[in-house]
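See structure below.
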Amino acid sequence: NHSSSESTITGTAADAPQFGVVFDIDGVLLRGHSEVARSADALSLLTSTSSCSTAAAGSAGIEPTTAASAEQAAASRSSDQHSHASNWAVPLLFVSNASGYTEEKKARLLRSHFGEKVGDDQVVLASSPLQQVSSLREKRLLLVAHRIDEANTVAHKYGWQNVVHLEDFYREHSYLWPLGDGDGQQQRQEQKKLADEPSSAFPTSTAVHKIEAVVIIHCPTTGWGEAIQVVSDVLQSDGTLGCWVDEQCIPLYVTNYDLVYTTEYSKPRFTTGAFIRCLEMLHSSLTARKLQIQRFGKPFASTYQYAENVLSEQLRAGWGEHAGPLRRIYAIGDNPLSDIKGANERGDPWRSILVRTGCHTDEQNDKLFPADHFCEDAYAAVRYILEQEAVLSRCSTLAQD
């Protein structure tokens, strides 16, 4: 569960902010390891120390916290929660479709660019809602990820107690992909064994190693060919290789269905969603059955519900247990297929804002998934939000900009 980030602005429930802000990260605030122009300025407008944030707080009758209440807030935080040198004037999240590592790692990256005001608990990744899928904590999971060490950290944090990594599973069953670069002699012996024995004697895992669910949190480090082959084999079985079934009975959980994402390169790069689409197409072509997938991340409802819950926690922590609900949540993103589509489909209280600093570079709003508002970048998006919330007119800094 998320714990609320430290707040340096407090007030009563009646004085609480009426809106929250959700930033995508890649393509909105960062491109690879470089900051998007004016992104730091955009965040500064929403900090508790900015003149515009003061105007926003003042319009709601919110008073700065006293030293005593700040100490109480610090004491109430969990011991592993990153301490903030400053905080935000409204509930705020960074919601990314990235996955394969922890929320804390992404928060550290944001802090390296934008300062200590970013809290660990303000980051939501595509995999974050999986923490609430209690059935995964006891099942034996085949985990597909980019790096085993980071995947282990995620598994430990999420409470997954019985995980086998794709790479380890493949090494144990290298005959599943004869074109691989493993031990050639061992593979030839296994291939001869397969040729000499009936299909019913296909090598199988022991019952103790039966896979009960497949979880994909990132593109695999192995080649996509063997990864797709192994995952498809598992999904065609009852969890034990060689025990084939007519209908899929092994649940498949995937995070980050984005086809591409933005880096420093001029064109977007393929990401986890591309791998998943390849798996879907090949599995369907092979079995004539549609792959049953439980998807997490944007644009799917589970991520927006999770984000709403975390924003509500922030609101209650800063303005009292009876504060809220938020009347508007502004989602700033660069990808119409995920950021904008997801916010639009979620509906009230979400408002979508499309910027052209990432996947979307056209000079007009997207035609297939148009946002509620379209603008140049994150800074322009925050200005628009402050205008909508009648904050801009009270902010001398922006009024003169």
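Could you say whether any residue in the range 246-263 is outside any loop (DSSP other than H, G, I, E, B), of a type outside the set (A, V, I, L, M, F, W, C) and farther than 21 Å from Asn335 by Cβ?
yes
Out of the range 104-127, which residues are touching a helix residue (DSSP H, G or I) at 6+ places or on another chain (Cβ under 6 Å) and farther than 24 Å from Ala37 by Cα?
The answer is Glu104, and nothing else.
Looking at the range 12-33, which of the residues that are touching a His at 6+ places or on another chain (Cβ under 9 Å) and modelled with pLDDT of 90 or more is farthest from Lys105 (Cα to Cα)?
Gly27
Tell me the residue from Ser59, Ser51, Ser83, Ser76 that is modelled with pLDDT under 55, open to solvent by 50 Å² or more (accessible area, probe 1.4 Å) and within 23 Å of Pro349 (Cα to Cα), please.
Exactly one of Ser59, Ser51, Ser83, Ser76 is modelled with pLDDT under 55, open to solvent by 50 Å² or more (accessible area, probe 1.4 Å) and within 23 Å of Pro349 (Cα to Cα), namely Ser59.
What single numbered condition from (1) at pLDDT 95 or above; (2) open to solvent by less than 70 Å² (accessible area, probe 1.4 Å) fails to hold for Leu368?
Going through (1) at pLDDT 95 or above; (2) open to solvent by less than 70 Å² (accessible area, probe 1.4 Å) one by one, Leu368 breaks only (2).
For the condition modelled with pLDDT of 95 or more and more than 24 Å from the chain's Cα centre (by Cα), what is the one hit in Gln191, Gln236, Gln187, Gln229?
So the residue among Gln191, Gln236, Gln187, Gln229 that is modelled with pLDDT of 95 or more and more than 24 Å from the chain's Cα centre (by Cα) is Gln236.
Exactly one condition in (1) within 16 Å of Val260 (Cβ to Cβ); (2) surrounded by fewer than 18 Cβ atoms within 10 Å (Cβ to Cβ); (3) not small (Gly, Ala, Ser) is false for Asn335; which is it?
(2)
Name the pairs whose Cβ atoms lie under 9 Å apart, with the first residue in the range 131-146 and in contact (Cβ under 8 Å) with a residue 40 or more places away in the chain and surrounded by fewer than 22 Cβ atoms within 10 Å (Cβ to Cβ), the second among the aromatic types (Phe, Trp, Tyr) and part of a helix (DSSP H, G or I), and 6 or more positions between them or separate chains?
Close Cβ pairs (under 9 Å, with a partner that is among the aromatic types (Phe, Trp, Tyr) and part of a helix (DSSP H, G or I)) amount to Gln131/Tyr158; Gln131/Tyr306; Gln132/Tyr306; Val133/Tyr158.
Please pick out the residue among Gln305, Gln292 that is out of contact with any Cys (no Cβ under 8 Å at 6 or more places or on another chain) and either buried (at least 21 other Cβ atoms within 10 Å of the Cβ) or not in a helix (DSSP H, G or I) (or both).
Gln292
Kindly indicate which of Glu313, Glu280, Glu321 is open to solvent by 10 Å² or more (accessible area, probe 1.4 Å), charged (D, E, K, R) and closer than 25 Å to Ala42 by Cβ.
Among Glu313, Glu280, Glu321, only Glu313 is open to solvent by 10 Å² or more (accessible area, probe 1.4 Å), charged (D, E, K, R) and closer than 25 Å to Ala42 by Cβ.
Can you go through Val355, Val310, Val391 and tell me which one is of a type in the set (Val, Ile, Thr) and under 18 Å from the mean Cα position of the chain (by Cα)?
After applying the criteria, what remains is Val310.
The values are calculated or read from the model by the stated rules, or taken from the named source; none is laboratory data. Quantities reported herein were computed from a predicted structural model and do not represent experimental measurements. A quick note on method: Cβ atoms are made from the backbone with ideal geometry, for glycine too, and the neighbour counts reach across all protein chains shown. Ligands, DNA and RNA are excluded from the accessible area calculation, which covers all protein heavy atoms including side chains. Shrake-Rupley method; radii C 1.70, N 1.55, O 1.52, S 1.80 Å.
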